[in-house]
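The values are calculated or read from the model by the stated rules, or taken from the named source; none is laboratory data. Predicted model only: the values in this text are computed from it and were never measured. In this analysis, Cβ positions are derived from the backbone assuming ideal geometry, glycine residues included, and neighbour counts consider all displayed protein chains.
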Amino acid sequence: MGKRRIVSGFDPLELQDAYGALDKLYQTFPYEDAKEDGREDLEGGIQTLLGMMRERLESSQSLPFSSLTMERLRNLNISRVGSLELKTGTTLDEQVKKVQAVGKDDIWSSDNLYRHLERLQMIIPKSNEAAARAWIDAFFFRVSATIPPEESMVLIKELPIKPTAVKPSGSTKLHGNIDYTAAVVPKKTAGAIRSDPSIDHLRAIMSSGLVVTEAKSFSTSLRDHIPQAVAEMYGCAKALKKDVIRGALTSGDKWMFFVLVINDNGDGAKYWQSVELSFLSRLGTRATIEAPWPDIVAGILAHWTRNGFQTLRMVTIGSMLTPGVVVVNKSQ
């Protein structure tokens, strides 16, 4: 016989699902004398188990971001409701030109970003997440060159999110580290954040916005990690007490972008996501960097770091991404 799992062996969401299923089954039992057909012991056992499960659910429990799945997101009332689509035609072309022009004399100009990516392509094997981070770093360095002189970008790596309640009532919490958190703040407060890059300090002095980013290795399917990225955004928004937050999921050469909005009652959230953007084109065994996609990625990040907490409607102007059609298939 296989080993049996005890109540304490379930994580909070599994336990919540199991409790609901068992309680639903118990409610179907007919209201008659259980002694007549020998069900007394069965019903007593189920009642005891339900009691143990309730006690466990009522105690404080916390889930790591990496444990989230699409099903668990739905259990937390977090669902995808739409897409983020690139603007088209001359509108996108004009915005790309603006991005390319900003910081053109900086060491992290648009031209130098392309040179840096080409060099990474030549010297770093795409073998693991550490390699991917070298590419991701380059984009954030480029973003730092687009910030107005009166402001400063602070890039926090591995920002810890303490166990944070995900619902107004309920004990389930989320916790973990966010790989990249990019914030743009007035220059006079940047030093304070660098000295104390904690989520509590960010909440106290944060101004216009930030972008949270989950990093994965080159060989990873980004879609498999959407629940983790969305959970990190949700946990970060809750910890910062913000209703809107923006984020990305990336392997360095591929990027997906997300906007998450907390529901009005504070219970769950809805989010929009982009398609996967890739700037490498392959010809045989050789991959080349295809313009203007690095500028598009950098432009989105730059705009969002300064407007990350704004509503979708307010941030559409100046952004390369705009909300698209509503998604009907909730399994995606």
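How many residues are more than 19 Å from THR305 (Cβ to Cβ), buried (at least 16 other Cβ atoms within 10 Å of the Cβ) and without any contact (Cβ under 8 Å) to a residue 40 or more places away in the chain when one looks only at segment 103-123?
So the answer is 3.
Among (1) assigned to a helix (DSSP H, G or I); (2) out of contact with any Phe, Trp or Tyr (no Cβ under 9 Å at 6 or more places or on another chain); (3) buried (at least 18 other Cβ atoms within 10 Å of the Cβ), which single condition is ILE147 missing?
Every condition holds for ILE147 apart from (1).
Could you please let me know if VAL211 is in the same structural domain as SER109 (by TED's automatic domain parsing), touching a residue at least 60 places away in the same chain (Cβ under 8 Å) and either crowded, with 17+ Cβ neighbours inside 10 Å or within 19 Å of the chain's Cα centre (by Cα) (or both)?
On the way: in the same structural domain as SER109 (by TED's automatic domain parsing): yes; touching a residue at least 60 places away in the same chain (Cβ under 8 Å): yes; either crowded, with 17+ Cβ neighbours inside 10 Å or within 19 Å of the chain's Cα centre (by Cα) (or both): yes.
Judged against the criteria, VAL211 is a match.
Among the numbered conditions (1) within 24 Å of ILE296 (Cβ to Cβ); (2) part of a helix (DSSP H, G or I); (3) within 20 Å of the chain's Cα centre (by Cα), tell me where ARG142 comes up short.
Every condition holds for ARG142 apart from (3).
Restricting to segment 219-243, count the residues that are surrounded by 24 or more Cβ atoms within 10 Å (Cβ to Cβ), small (Gly, Ala, Ser) and touching a helix residue (DSSP H, G or I) at 6+ places or on another chain (Cβ under 8 Å).
The total comes to 2.
Would it be correct to say that ASP264 is closer than 23 Å to THR164 by Cβ, assigned by TED's automatic domain parsing to the domain that holds HIS116, under 15 Å from the mean Cα position of the chain (by Cα) and not polar (S, T, N, Q)? Spell out how you get there, then give the answer.
On the way: closer than 23 Å to THR164 by Cβ: yes; assigned by TED's automatic domain parsing to the domain that holds HIS116: yes; under 15 Å from the mean Cα position of the chain (by Cα): no; not polar (S, T, N, Q): yes.
Taking the combined requirement at face value, the residue does not satisfy it.
State which residue is nearest to ALA231 (Cα to Cα) when the search covers only segment 244-287 and only residues that are in contact with a Ser or Thr (Cβ under 9 Å, 6 or more places away or on another chain), exposed (fewer than 15 other Cβ atoms within 10 Å of the Cβ) and free of Cβ contacts under 8 Å to residues at least 40 places away in the same chain.
Within segment 244-287, the match that is nearest to ALA231 (Cα to Cα) is SER281.
Consider ASN177 carefully, then state whether it is in contact with a Ser or Thr (Cβ under 6 Å, 6 or more places away or on another chain) and surrounded by fewer than 20 Cβ atoms within 10 Å (Cβ to Cβ). Outline the logic, then answer.
Details: in contact with a Ser or Thr (Cβ under 6 Å, 6 or more places away or on another chain): no; surrounded by fewer than 20 Cβ atoms within 10 Å (Cβ to Cβ): yes.
The answer is no for ASN177.
Would you be able to tell me the number of residues in segment 21-43 that are of a type in the set (Gly, Ala, Ser), assigned to a helix (DSSP H, G or I) and at pLDDT below 75?
Step one: list which residues in segment 21-43 are of a type in the set (Gly, Ala, Ser), which gives 21, 34, 38.
Narrowing further to those that are assigned to a helix (DSSP H, G or I): 21, 34.
Subsequent filtering for residues that are at pLDDT below 75 retains 34.
Count: 1.
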